[in-house]
Amino acid sequence: MGMAEESPLKTVVFRCKACKSTFEAEPARVEEAPADDDVHAWRYFHPCECGAEAQQAPWQRAAMKAWRCCTGPKTPEGKAAVRENLRGHPTPEEALRTRFNGMKHGLNARTATYFPAKPDGYAFCASCEVDREWCRQQPCCEKQTGLFMKHHAAFEQRNPKHLMGIYADFHAALMGTVSECLRRIIGDGVMLHVPKTYVDKDGRCLVVEYINERGEVCQVHDVMAHPLFKPVAELITRMGISLSDLAMTPKQGEEEAATMGRLQSEAGEQETLAAFEERKVKALEDLSGMIQRAQAAKAGDPVLIEYQQQNGE
């Protein structure tokens, strides 16, 4: 049956882009699809509760296209090729993924203890692409369950590589925070002048003032360092991005330049390449003399001479 001969569906799953809700209903409006549409012959529309008009859910259209395009092998050669493609599966990576999915179902309840499903109830829900209606039907937050499972898999397998993507994002966010703090310090100034205050006997907070030699009323200010200095310094130290951690201090640069082209001797002193070469040549010359002395000592060994005489050598 061609696409032009297909009859419209009785019920369709709709997805509202405005409120991100999903519902199944009979189409309120059906239009003929464009000629170049290779999915279905009709387009479906239905008003949502929020007032916007919803269209057919994209995943339902994708499933219809996959069903239309799915064609298994017909010939014996094609079926044999499909069987050959399955050889060697599951791979280690696929086995880990299957293990991950199995663990996920068992730990949903534990995750729900900390993060029960609350569509748009968490701060991170604003950027979440999970369908709200589907999320409402789950026992726990889908995103937090994935995070929960990755940490469990990493610790069970003793493989921190599973967490590299998560902590890379975390480190990038920390670096962005440090950069924002530095920009704020530069904008506000490294020193802040804060008026000095006191509380009088009536409980009022007053500013300390004095009259200068010109009869002008002046305020007394406390000069203090910017309050962001301390947290920024702690972040830089704990993240290991200080100049000493990166080997970028002036002293480390001078030491690296001074040691370039030199070798460390056994006595802990620096020596040039020429001196090292000279010492190596002298050691080789001494080695030749040591070999000759060893051969002479061997020839004059009385025990060896007696053994050779007994055996007629």
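The values are calculated or read from the model by the stated rules, or taken from the named source; none is laboratory data. Note that the coordinates shown come from a computational prediction; the quantities given were computed from them, not determined experimentally. Cβ atoms come from the backbone with ideal geometry, glycine included; neighbour counts cover every protein chain shown.
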Inset, instruction - Kindly indicate whether LEU163 is surrounded by 12 or more Cβ atoms within 10 Å (Cβ to Cβ), more than 17 Å from LEU228 (Cβ to Cβ), in contact with a helix residue (DSSP H, G or I) (Cβ under 9 Å, 6 or more places away or on another chain) and at pLDDT 80 or above. - result: yes
Legend entry - Output for segment 203-240, where each listed residue is without any contact (Cβ under 8 Å) to a residue 12 or more places away in the chain, surrounded by 10 or more Cβ atoms within 10 Å (Cβ to Cβ) and among the aliphatic types (A, V, I, L, M): LEU206, ALA233
Legend entry - Failed condition for ASN159, given (1) out of contact with any Leu (no Cβ under 6 Å at 6 or more places or on another chain); (2) in contact (Cβ under 8 Å) with a residue 12 or more places away in the chain: (2)
Inset, instruction - Determine if segment 179-192 includes at least one residue that is of a type in the set (A, V, I, L, M, F, W, C), farther than 30 Å from LEU235 by Cα and in contact (Cβ under 8 Å) with a residue 24 or more places away in the chain. - result: no
Inset, instruction - Go through segment 1-59 residue by residue and tally those that are over 41 Å from the mean Cα position of the chain (by Cα) and assigned to a loop (DSSP other than H, G, I, E, B). - result: 16
Legend entry - Pairs with Cβ under 7 Å, 6+ apart, first in segment 58-74 and loosely packed, with under 12 Cβ neighbours inside 10 Å, second outside any loop (DSSP other than H, G, I, E, B): PRO58/ARG15
